[in-house]
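Working notes, beginning with the structure itself.
The values are calculated or read from the model by the stated rules, or taken from the named source; none is laboratory data. Bear in mind the structure is a predicted one, so any value in this text is a computation, not a measurement. Every residue, glycine among them, receives a Cβ derived from its backbone with ideal geometry; neighbour counts consider all protein chains shown.
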Amino acid sequence: MNKPLARVNAVTAVLCLVAALSVAAQFENRNQVCDIISQCKLIFAIASLVLAVIFGLQKKWIQLTASASLLILNSLQIVPLFFAPEFSHKREAHEPLKVMTANLDAIHNKDYKTIFKQIEAWNPDVIGFVEVNEAWRSTLQQKLEVYKFSMFNMEGGGVALFSKLPLEQNLAAPGENGRPRLQAGLSMGGKTIFIELVHLMPPHQGSCDVRKKEFLQLAVEAQGNDNRIVLGDFNCAPWTNKFQKLLASGDLNDTDSGHGFQPTWPANVAPPILPIDHILTSKNIRTSERRISRDFGSDHLSVFVECEIEKD
């Protein structure tokens, strides 16, 4: 076999592989392997684009059509990240609320100094921490004295919620399979903002049924409710079907929409490739700013948003 023909066959083989993986990603709720594959749609989209260019230059029209089709299939749930959701506010006046979430990776991360510098710079009103152990809990309580209100659920990895504003209706609620969650009512301007902090099961550990139930549980709780914020480590990319169903069924907006591609994991790989740490809001809350942090010793980057809450 001559070299040009071998190269053509190799590229075609890559196309077949991308096609197989792209199709498998559509069955993420069927088994664990497909769930993991579905997190990689961005990689498949980039590969499809490169293949389309190659086959276009070679004038291989059938392969070009297949590559373009795969590009569309894998991009359908990625493109919305670059477009802000429609927002119809009833009143012109709004109150800002700054929210932050960070997976501390407490077992491996001892870099206390950097995360507190980030908090000082961003000055959030509410912070949700995930993967908190007793050492981190003690340090957080010592360093975050300005946050007068706090909650902890140290089961299953540990989560912590810190707030400058009063927390009401405190509830340390277990999710599916005992995953730690925190629920609280945040008292702000005479109204209550419902905050839920989660750390969902990663696809390599949890069965598809458990993962589906976790997302369904969040969607059911959020349905029809205004003034709601759900944040934390979802262990799920926003272009997966289960994440999109959560947004649709739970009447939630992804704060990432309109702010481009902001990956948070794995931060110990340069650069991170998956956005799996999220802050979601009910549709009456608008996100005016969203950013991710630099490395702070964790395998995740933290997420910060500034929201606009309608005044009564």
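So here's what we get for this one:
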| read-out | value |
| --- | --- |
| Selection status of GLU120, outside the structural domain of ILE43 (by TED's automatic domain parsing), in a loop (DSSP other than H, G, I, E, B) and either surrounded by fewer than 19 Cβ atoms within 10 Å (Cβ to Cβ) or hydroxyl-bearing (Ser, Thr, Tyr) (or both) | no |
| Among residues of region 219-246, those that are in contact with a strand residue (DSSP E or B) (Cβ under 6 Å, 6 or more places away or on another chain), crowded, with 17+ Cβ neighbours inside 10 Å and not polar (S, T, N, Q), counted | 10 |
| Subset tally (residues that are part of a loop (DSSP other than H, G, I, E, B) and either under 20 Å from GLU196 (Cα atoms) or not assigned by TED's automatic domain parsing to the domain that holds PRO238 (or both)) for region 265-292 | 5 |
| Subset of region 22-47 [in contact with a helix residue (DSSP H, G or I) (Cβ under 8 Å, 6 or more places away or on another chain) and either among the aromatic types (Phe, Trp, Tyr) or farther than 24 Å from ASP277 by Cβ (or both)] | SER22, ALA24, GLN26, PHE27, ARG30, ASN31, PHE44, ALA47 |
| Given (1) closer than 16 Å to MET100 by Cβ; (2) assigned to a strand (DSSP E or B), number of the condition ASN253 does not satisfy | (1) |
| Where THR114 falls short, out of the listed (1) within 30 Å of MET188 (Cα to Cα); (2) at pLDDT below 95; (3) under 24 Å from the mean Cα position of the chain (by Cα) | (2) |
| Residue satisfying all of: in region 15-59; of a type outside the set (Asp, Glu), touching a residue at least 12 places away in the same chain (Cβ under 8 Å) and outside any helix (DSSP H, G or I); farthest from LYS212 (Cα to Cα) among these | CYS40 |
